[in-house]
1. Carbon and sulfur atoms: what percent of the 1.4 Å accessible area of segment 118-160 do they account for?
2. Of the trypsin sites (Lys or Arg not before Pro) in segment 135-175, which ones lie in a loop per DSSP and count no more than 13 other C-beta atoms within 10 Å?
3. Return a whole-number percent for the relative contact order of the chain, with Cα pairs under 8 Å and 6 or more residues apart as the contact set.
4. Stretch Asp141-Glu95 to full length: gain in nm at 0.36 nm per residue minus the Cα-Cα span?
5. Report the FRET efficiency, 1/(1 + (r/R0)^6), for Phe128 and His88, where r is their Cβ-Cβ distance and R0 is 25 Å, rounded to 0.05.
6. Quick query: amide H of Tyr7 versus all other amide H atoms, modeled in the peptide plane; which residues come in under 5 Å with a sequence gap of 5 or more or a different chain?
7. Taking the chain as a Gaussian network, Cα atoms linked when under 10 Å apart, which of Val74, Val53, Val107 shows the biggest mean-square fluctuation?
8. Between segment 142-158 and segment 58-107, what's the alpha-carbon centroid distance in Å?
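The values are calculated or read from the model by the stated rules, or taken from the named source; none is laboratory data. This one's a predicted model, so the numbers in the text were calculated from it and none came from an experiment. For neighbour counting, all protein chains shown are included, and Cβ atoms are generated from backbone atoms with ideal geometry for every residue, glycine included. Note: accessible area is taken over every heavy atom of the protein model, side chains too, but ligands, DNA and RNA are not part of it. Shrake-Rupley method; radii C 1.70, N 1.55, O 1.52, S 1.80 Å.
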Amino acid sequence: MKTIVLYSSRTGNTKKVAQAVAGALPAGTPCLPVAEAPSDIEAYDLVFLGYWVDRGTANAEAKQFLEGLRPHHVALFATLGADPKSAHAQQSLDEGARILPEGTDVVGTFICQGAVDPKIIEMMYKQFPAGHPHGRTPERDARHAEAAKHPDEADLKEAAEFAAAVLQRLEGGGQ
Ligand SMILES: Cc1cc2nc3c(=O)[nH]c(=O)nc-3n(C[C@H](O)[C@H](O)[C@H](O)COP(=O)(O)O)c2cc1C
């Protein structure tokens, strides 16, 4: 099964997850930024595509790539600042899947938390005063503090397990 891992990452979180995914796949599986995707992407049977969540969906660069991807087996993974078990996290994966052309087979999804750029947090707190729905609260501070620890070793291990499970399922192994 010809497989490739592609990712879009602004501050490195999704890149780390991409590398953990690739590490669980056969040696030599390419792991590249989306911007360096090979022109013969159609030749791959399975594309792992990673994005960072931007306002509840895939970030623009990943989105553009997903829109143009002709039906393939696609496994999606993402990182986000919020709790990965939240409805927001699930929606952010669903939104990513919705971008894909009809007929694309989404063979697996994975999401974990990723540190939010401190400059962005500062900007948000400046833009939205306390009391505003997006303003500073102790809960939001706690969420950012938790996100700052991710992706951690456990996340990367889970990402590797996700990748191995996808491949095994498609290759019909372990039956
Ligand atoms: C402009 C912007 C928008 C974001 N929107 C969301 C969001 O809607 N939900 C969320 O949970 N995290 C959001 N985040 C946090 C990022 O998804 C998170 O920090 C991610 O791990 C960054 O990945 P990267 O290091 O690969 O760029 C946003 C970050 C930025 C910079």
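1. Details: 1910 of 3090 Å².
The value for segment 118-160 is 62 percent carbon and sulfur by accessible area.
2. On the way: sites: Arg136, Arg140, Arg143, Lys149, Lys157, Arg169; in loops: Arg136, Lys149.
Passing both the DSSP loop test and the Cβ count: Lys149.
3. On the way: 298 pairs, mean separation 41.9, N = 175.
Once normalised by length, the contact order is 24 percent.
4. Working: separation 46, 0.36 × 46 = 16.56 nm, distance 2.60 nm.
Stretched out fully, the Asp141 to Glu95 stretch lengthens by 14.0 nm.
5. Details: r = 17 Å, r/R0 = 0.69.
Calculated transfer efficiency: 0.90.
6. When sequence neighbours closer than 5 places are left aside, the close amide H contacts are Leu32, Val34, Gly50.
7. With Cα springs under 10 Å in the chain, the top fluctuation among Val74, Val53, Val107 is at Val107.
8. After rounding, the separation between the Cα centres reads 20 Å.
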